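First comes the structure, then the notes that go with it.
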Amino acid sequence: MKKVFLVLSLLLSLGMFYACSNEDETVNVYVPIEEGEDYAAIANFFNLELSSDIYSQGFFVDSQNSTNVGEEVCKIINSRKELKDIYSGDKDLPEIDFTKYTLIVGYIIMPDLGNNCVRQELVYTTTNSSPVLNLYVKNENEYKPTVISTLYFWGLYPKMQHSKISVTIHKEL
């Protein structure tokens, strides 16, 4: 009787592992769109407006010029009005076709000076309710100062309807 119970327990355990496997998980990875006739003007605008100075968080209307390491702001923009609502500057906004694209823009307060986002990707999985924005960061400085800096990021992605994104930092050597 104990053998039967043991065999049934093992079979049930194996069945649970099989049922909980991620074989049915679908993963889609998107990189920012960096082409098109308006891309150069869009890139120029964001590269100039999102400076690396910690005190220039003024791009965002609701920024508090925080110095709290780990603080993160990530905005998902699906219309020109949404972009106007978050932008506190006075320059003309670039033309973005929001019928095709979603703009993701934000910043993270980092514990090192000289961090640079070298690449990014947006990952959708069928098991996550919201996508994950992976930022791959490289520290361009040869020394490791104990100051903080702001890592700004932005990217144009295929149109999406999500209202929340998780951001993950990956350090590259």
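Read-outs: derived from the displayed coordinates by stated rules, not from any lab. Quick caveat, the model's predicted, so the values are computed rather than measured. Positions of Cβ are backbone-derived with ideal geometry, glycine not excepted, and every protein chain shown enters the neighbour counts.
Working from label points 7 Å from Cα in the Cα-to-Cβ sense, the ASN28 to LYS81 distance is 2.6 nm. Here the extension length gained between TYR39 and HIS170 equals 44.6 nm, from 0.36 nm per residue of separation less the Cα-Cα distance.
Among the GluC sites (Glu not before Pro) found in the range 80-173, those both in a DSSP coil and sparsely packed, with 13 or fewer other Cβ atoms within 10 Å of their Cβ, are GLU95, GLU140, GLU142.
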